[in-house]
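Working notes, structure below.
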Amino acid sequence: MSRELVTWRGTPGVGDVMWALNCVHLHCAKNKVKVNLEFHWEHGEDHNHHFEDPETIIERCDYLHNFYERQEDVKIIHVFNADSRYKFWKFDDDVVLEPDGSKRIAAIDRRGKNRFYFESDAWNDSDGSSIPDNEWGFRKSAFKKIDKKKVVIWRPTFNAEVPRTWKRHLTNAQWDDIISMLRGQGLNVVELTYRTPVREAMYEISTCRQVICYDGMWHYIAKNFARPMAVVSNEGVTKYHTPHAIRMNPLGEVKYDVWWWMSHMTQLLGHSRKKAMDWESVLGEVYKYDR
């Protein structure tokens with residue numbers, strides 16, 4: 001079987017790493033190839049993006065890949081302090097100052113800031129090109145017994161940078177209200193943060209009944225485990241990254257906003273479970289691609 005080179009811009013986010021892994025694994029399955037996936041990092045191997053990080057993004061990447069279906073199709077190669085096609089991009093390029101002096105993530109100015117490269121040109125990163133398909137997940141042996149009382153949440157706090165505005169429409173007090181409403185239904189709430197060790201995040205998400213979160217952080221782990229999921233978002237990009245999730249509008253402008261769902265807990269749990277089961281069936285079909 002032929003082996004193709006794919007390179008990908010390395011960033012601090014677990015979601016970005018898993019996006020790359022999902023896209024490349026599906027590419028392998030569809031095209032009957034194996035891939036050398038080169039992550040190009042602007043820093044060294046031991047770099048911590050935040051001084052409280054329990055592990056590096058390199059360690060998180062390698063750990064997570066251990067659980068992928070058909071893991072052997074993709075060989076990860078880390079290129080540190082990279083002087084490559086991604087050298088014109090720095091993480092700070094995507095961070096801008098708000099008028100009050102706080103930071104936010106900007107929409108990416110794509111000029112000279114490539115994200116990925118496929119040797120076969122199956123996908124390319126030029127303006128107007130299609131985004132790679134990303135339907136993939138963890139192998140069945142990685143799945144654990146579900147705790148029917150456990151709900152996992154994460155909110156956009158404790159990030160090294162302030163997330164995009166659309167990811168933080170809810171206040172901390174409103175997130176506290178969500179937690180109180182869940183506990184009022186007799187559910188046990190486990191909150192994850194950016195500082196949660198990856199092994200702990202994997203365990204808590206894999207064994208939970210429901211995930212309720214903002215769009216980011218650990219969302220690809222929930223996707224790859226096909227866990228029932230509700231995301232506080234009204235953005236189309238949420239449907240791309242987590243197609244099985246309920247999108248709960250945070251702005252209160254439509255009937256099915258976040259507070260409608262939280263006030264109709266039976267519908268939330270039931271509908272998100274149905275969508276998760278459908279997604280798990282999709283993954284089962286995807287995994288059947290001939291080697």
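Laboratory data are not the source of any read-out in this text; all were calculated from the coordinates shown. As the structure is a prediction and not an experimental result, all values here were calculated from the model. Positions of Cβ are generated from backbone atoms using ideal geometry, with glycine treated the same way; all protein chains shown enter the neighbour counts.
A few comments on the model shown:
- 0 to 90° range, to nearest 10: angle between helix 172-184 axis and the chain longest Cα axis: 60
- The peptide list 69-76, 49-56, 134-141, put in order of mean Cβ contacts within 10 Å with the highest first, becomes 134-141, 69-76, 49-56.
- By the Kirkwood approach, averaging reciprocal distances over each pair of separate Cα atoms, the chain gets a hydrodynamic radius of 19.9 Å.
- Here the relative contact order of the chain, from alpha carbon pairs under 8 Å that lie six or more residues apart, stands at 18 percent.
- Note that the range 220-229 has calculated 3J(HN,Hα) couplings of 6, 5, 4, 5, 6, 8, 6, 7, x, 8 Hz, one per residue in order, obtained from phi through the Karplus relation 6.51 cos²θ - 1.76 cosθ + 1.60 (θ = phi - 60°); glycine and proline are x.
- With each label modelled as a point 7 angstrom along the Cα→C-beta vector, the Lys239-Trp260 pair spans 1.6 nm.
- With θ taken as phi - 60° and the Karplus curve 6.51 cos²θ - 1.76 cosθ + 1.60 applied, the whole-hertz 3J(HN,Hα) list for the range 71-82 is 3, 5, 5, 10, 9, 8, 10, 9, 10, 9, 6, 5 Hz, x standing for glycine and proline.
- Sequence-distant residues sharing a close amide H with Glu38 (under 5 Å, placed H): Val6, Thr7, Trp8, Ile77
- With 22 Å as the limit, the listed pairs Lys150/Lys255; Lys223/Lys288; Lys75/Lys275; Lys75/Lys145; Lys150/Lys288 have Lys150/Lys255; Lys75/Lys275; Lys75/Lys145; Lys150/Lys288 beyond it between alpha carbons.
- In Hz, Karplus ³J(HN,Hα) per residue of the range 128-137 (6.51, -1.76, 1.60; θ = phi - 60°; x = Gly, Pro): x, 7, 5, 7, x, 5, 9, 6, 7, x
- Based on DSSP H segments of at least four residues, each scored -39500 (n - 2.57), the chain has a per-residue ellipticity at 222 nm of -9500 deg cm²/dmol.
- Multiplying the residue separation of Phe143 and Val79 by 0.36 nm and removing their Cα-Cα distance gives an extension gain of 19.9 nm.
- With Cα atoms, 0 to 90° folded angle of helix 265-286 axis to the chain main axis: 20
- Between helix 14-31 and the chain: long-axis angle, C-alpha atoms, 0 to 90°, nearest 10: 60
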